[in-house]
Amino acid sequence: MGFMPLVVLIIVIVLLMGIRIVRPTHRGLIERFGKYNRFATPGFNWIIPVVESIYLINITEQMVDAEPQEIITFDNLNAKVDAQVYFKVKIDEESVKSCIYNVNNYQWQIVNLARTTLRNIIGTLTLKSANSERGKINDELHKTLMTETEHWGIEIVRTELKEIDPPKDVQETMNKVVKAENEKIAAIDFATATETAADGAKRAEIKKAEGVKQARILQAEGEAEAIKLVNEAAEHYFVGNAQVLRKLEALEKALENNAKIIVPANTELINVVGEMAGILPLKKEQK
């Protein structure tokens, strides 16, 4: 093999060794002799072997777990707290440089910063308020991380509080309290339903009694009216004719049993019955 072919072969090998392909999910920082030289975008990139190096940075959204930790709440209870942080490196050159040159291992730093921030936030809250104000804790954690990582070239997308678990004995007590509250509510609902049913039955009985009362009043009024009419009739037809009235009463009782009676003609009773029926008594022909 001659000198020239050997040189060509070496050049080809060097060219092949320097080829770097950057995916769309990454950006690259190219350093020459340990000093930043240029920015590598997605696609084909070439570096000088041995002289230059390329460091690829993932720019997609990532998640780190802050890992469970025991935090003493304001009411001196040990709560087990865990959270997740979602972040991504910004795609511009300065941000990519910052995440490498301004902070050492930004993922590990985010985890520790999140743990410290959670201790500071939850330490000022009681266990009950910490469980009821998860949204507020997430907002404060997100705000603090955004401020602290401002010069890291990182965007904190969101934070999520995974759990705030009280000690086992406290959890058991809380479960008993919740159970007692549920039983209390159920008992109140049952009592209310029973009271409502009793009120309905009571109102129905009242309505029924009022109906009976009204019927008796109407019946009494009818009887009074009948008595009034009888009295008026007696006063009209039988004033001074007590004996005739007694005979008419006897006649009424007899007719109730469908008895047949014979009334002598030309008697006052015939005249009275006829007049009450609207029939005038026949006058005797004068001889």
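The values are calculated or read from the model by the stated rules, or taken from the named source; none is laboratory data. Only a predicted model underlies this, so the values are computations on that prediction, with no experimental measurement involved. Positions of Cβ are generated from backbone atoms using ideal geometry, with glycine treated the same way; all protein chains shown enter the neighbour counts.
Check whether at least one residue in segment 141-148 is exposed (fewer than 14 other Cβ atoms within 10 Å of the Cβ), at pLDDT 90 or above, in a helix (DSSP H, G or I) and out of contact with any strand residue (DSSP E or B) (no Cβ under 7 Å at 6 or more places or on another chain), and report yes or no. Working first, answer last.
Residues of segment 141-148 that are exposed (fewer than 14 other Cβ atoms within 10 Å of the Cβ), as a first pass: 143, 147.
This time we only want the ones that are at pLDDT 90 or above, so: 143, 147.
Still in the running and in a helix (DSSP H, G or I): 143, 147.
Still in the list and also out of contact with any strand residue (DSSP E or B) (no Cβ under 7 Å at 6 or more places or on another chain): 143, 147.
Looking through segment 141-148, at least one residue is exposed (fewer than 14 other Cβ atoms within 10 Å of the Cβ), at pLDDT 90 or above, in a helix (DSSP H, G or I) and out of contact with any strand residue (DSSP E or B) (no Cβ under 7 Å at 6 or more places or on another chain).
Name the one entry in Arg27, Arg32, Arg38, Arg20 that is touching a Gly at 6+ places or on another chain (Cβ under 8 Å) and at pLDDT 90 or above. Don't jump to the end; show me each part of the working.
Details: Arg27 fails: touching a Gly at 6+ places or on another chain (Cβ under 8 Å); Arg32 fails: touching a Gly at 6+ places or on another chain (Cβ under 8 Å); Arg38 fails: touching a Gly at 6+ places or on another chain (Cβ under 8 Å).
Just a single option satisfies the conditions, and that option is Arg20.
This table checks each residue for (1) within 30 Å of Gln62 (Cβ to Cβ); (2) modelled with pLDDT of 90 or more; (3) assigned to a helix (DSSP H, G or I).
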site: Val103; (1), (2), (3): yes, yes, no
site: Asn138; (1), (2), (3): yes, yes, yes
site: Lys176; (1), (2), (3): no, no, yes
site: Asn182; (1), (2), (3): no, no, yes
site: Phe190; (1), (2), (3): no, no, yes
site: Gly211; (1), (2), (3): no, no, yes
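Mind listing whichever residues of segment 40-73 are touching a Phe, Trp or Tyr at 6+ places or on another chain (Cβ under 7 Å) and in a loop (DSSP other than H, G, I, E, B)?
Step one: of segment 40-73, the residues touching a Phe, Trp or Tyr at 6+ places or on another chain (Cβ under 7 Å) are 51, 61-63.
Listed by number, the residues that qualify are Val51, Glu61.
Consider only pairs whose beta carbons are under 6 Å apart and that are at least six residues apart or on different chains; among these, list those whose first residue lies in segment 146-163 and is in contact (Cβ under 8 Å) with a residue 12 or more places away in the chain and whose second residue is of a type in the set (Gly, Ala, Ser).
Once the first residue is in contact (Cβ under 8 Å) with a residue 12 or more places away in the chain and sits in segment 146-163, its partners that are of a type in the set (Gly, Ala, Ser) give Trp152/Ser98; Gly153/Ser95; Gly153/Ser98; Leu161/Ala83; Lys162/Ala83.
Across segment 149-160, which residue is surrounded by the most Cβ atoms within 10 Å (Cβ to Cβ) among those that are out of contact with any His (no Cβ under 8 Å at 6 or more places or on another chain) and not small (Gly, Ala, Ser)?
If we filter segment 149-160 for residues that are out of contact with any His (no Cβ under 8 Å at 6 or more places or on another chain), which is where we start, we get 149-155, 157, 160.
Keeping just the survivors that are not small (Gly, Ala, Ser) gives 149-152, 154-155, 157, 160.
Values: Thr149: 22, Glu150: 12, His151: 11, Trp152: 21, Ile154: 25, Glu155: 16, Val157: 13, Glu160: 15.
Residue satisfying both the conditions and the ranking: Ile154.
Filter segment 26-62 for residues that are hydrophobic (A, V, I, L, M, F, W, C) and either in contact (Cβ under 8 Å) with a residue 24 or more places away in the chain or touching a His at 6+ places or on another chain (Cβ under 8 Å) (or both) and give the result.
The initial filter retains those residues of segment 26-62 that are hydrophobic (A, V, I, L, M, F, W, C), namely 29-30, 33, 39-40, 44, 46-48, 50-51, 54, 56-57, 59.
Matches in segment 26-62: Leu29, Ile30, Phe39, Phe44, Trp46, Ile47, Ile48, Ile54, Leu56, Ile57, Ile59.
Going through segment 1-32 one residue at a time, which ones are in a loop (DSSP other than H, G, I, E, B) and surrounded by 10 or more Cβ atoms within 10 Å (Cβ to Cβ)? Please lay out each step first, then the result.
Filtering segment 1-32 down to residues in a loop (DSSP other than H, G, I, E, B) leaves 1-2, 18, 23-25.
Gly18, Arg23, Pro24, Thr25 - these are the residues of segment 1-32 that are in a loop (DSSP other than H, G, I, E, B) and surrounded by 10 or more Cβ atoms within 10 Å (Cβ to Cβ).
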